[in-house]
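Enquirer: This structure is in structure tokens; I'll ask about it shortly.
The values are calculated or read from the model by the stated rules, or taken from the named source; none is laboratory data. The structure displayed is predicted, hence computed values, not measured ones. Counting neighbours? That spans all protein chains shown, and the Cβs are built from the backbone with ideal geometry, glycine included. Only protein heavy atoms, including side chains, enter the accessible area calculation; ligands, DNA and RNA are left aside. Shrake-Rupley method; radii C 1.70, N 1.55, O 1.52, S 1.80 Å.
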Amino acid sequence: PFRMPVQGVYKFTAKNDDRRIIAGTVETGRLHVGDEVVFYPSGKRSRVRSLDAFNRHPQSQALAGQAVGFTLEEQIYVTRGELAVRVGQSAPHLSTRVRVNLFWLGRTALAPRKDYVLKLGTARVPARLETVHRVIDAAELVSSDAKECVERHEVAECTLALGRPLAFDTATDFEATGRFVIVDDFK
């Protein structure tokens, strides 16, 4: 299925140019002129009017791995971080709570009541550790179900609470839209 995280939306006004170009890199699938797309998490939809790329002639399709911009028949407002998907194909998951497996590399422990940023594709979402379900010490391979924090170099299964809805896939289905990074004060 088609997946493209929205990297930016560009509006042109010079010489009566009223295009709004939605830009990003196609992670999976393909997109054609005339396809109907839906953006998650907003749920807004429109049909592709044109496909544009810098220093290339207009094209009729965009393939996985290509950086592309496209215009829509109906001008809708979407933002960086939304996930473009073709209507009729499998939809991503959408939630404010996610159960994840992670490997913690932060200098300080991943802890409840602390604010983090979850980065997935081009999305940046506030996140907090809600529950630690299980932790494995990567050096000793010892498992614990009684920890409240995740220490450096531990592997954990956790539930994260997000500050707003996030569109995502499972990492086993689509790596690019199913894997994330947690930022701890950029340390």
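Enquirer: Ratio to report: Rg/Rh of the chain, with Cα atoms as the point set and Rh obtained by the Kirkwood method; give two decimals.
Expert: Looking at the chain, the ratio lands at 1.07.
Enquirer: Can I ask one more? Exposed loop GluC sites (Glu not before Pro) only (DSSP loop, at most 12 other Cβ atoms within 10 Å): please give the longest stretch of the chain free of them, not including the sites.
Expert: Longest run free of exposed loop sites: 1-72.
Enquirer: I would also like to ask the following. Return the sequence-ordered ³J(HN,Hα) values of region 153-160 in whole Hz as given by the Karplus equation 6.51 cos²θ - 1.76 cosθ + 1.60 applied to θ = phi - 60°, using x for Gly and Pro.
Expert: Residue by residue, region 153-160 yields 6, 9, 9, 9, 10, 9, 10, 10 Hz.
Enquirer: Sequence neighbours fewer than 8 away in the same chain don't count; with that in mind, list the lysines whose C-alpha is under 19 Å from Lys147.
Expert: Here the lysines satisfying the reach criterion relative to Lys147 are Lys114.
Enquirer: Provide the gained length on full extension for the span Ala64 to Thr96, in nm with one decimal, where the gain is 0.36 nm per separating residue minus the Cα-Cα distance.
Expert: Length gained between Ala64 and Thr96: 8.7 nm.
Enquirer: Hey, another quick one. Given a 1.4 Å probe, how much area per residue of the chain is accessible, in Å²?
Expert: Here the per-residue accessible area is 56 Å².
Enquirer: Please list, in chain and number order, the residues 5+ apart from Val87 or on another chain whose amide H is under 5 Å from its amide H, with Hs placed from the backbone.
Expert: The list, which skips near neighbours in sequence, is Glu36, Val37, Val38.
Enquirer: Please give the contour-minus-distance gain from Lys15 to Cys149: 0.36 nm per residue of separation, less the Cα-Cα distance, rounded to one decimal in nm.
Expert: That works out to 42.6 nm of additional length.
Enquirer: Taking the dipole about the Cα centre of the chain, with the C-beta of Lys and Arg at +1 and of Asp and Glu at -1, give me whichever of Gly69, Gln89, Pro165 is farthest to the positive side.
Expert: Gly69
Enquirer: With a 1.4 Å probe and every protein chain kept in, tell me what percent of the accessible surface of region 142-187 is carbon plus sulfur.
Expert: Using a 1.4 Å probe with all protein chains present, region 142-187 comes out at 52 percent carbon and sulfur.
Enquirer: Would you check the accessible area of Ser60, probe 1.4 Å, heavy atoms only, in square angstrom rounded to 10?
Expert: Using a 1.4 Å probe on the heavy atoms, I get roughly 80 Å².
Enquirer: Round to the nearest 10 and report in Å² the accessible area of Val87, as given by a 1.4 Å probe over the protein chains' heavy atoms.
Expert: The accessible area comes out at roughly 50 Å².
Enquirer: Now for a separate question. Compute, for the chain, the length of the dipole vector about the Cα centre, with Cβ point charges of +1 (Lys, Arg) and -1 (Asp, Glu) only. Units Debye, rounded to 20.
Expert: Using only the charged Cβ atoms, the result is roughly 620 debye.
Enquirer: Give the cross-link partners of Lys119 among the aspartates and glutamates, using a straight C-alpha distance below 19 Å as the criterion and excluding same-chain residues fewer than 8 apart.
Expert: The qualifying aspartates and glutamates are Glu27, Glu82, Glu130, Glu157, Asp169, Asp173, Glu175, Asp184, Asp185.
Enquirer: At a Förster radius of 35 Å, what calculated FRET efficiency corresponds to the Cβ-Cβ distance of Glu36 and Phe103, to the nearest 0.05?
Expert: Here the calculated transfer efficiency is 0.35.
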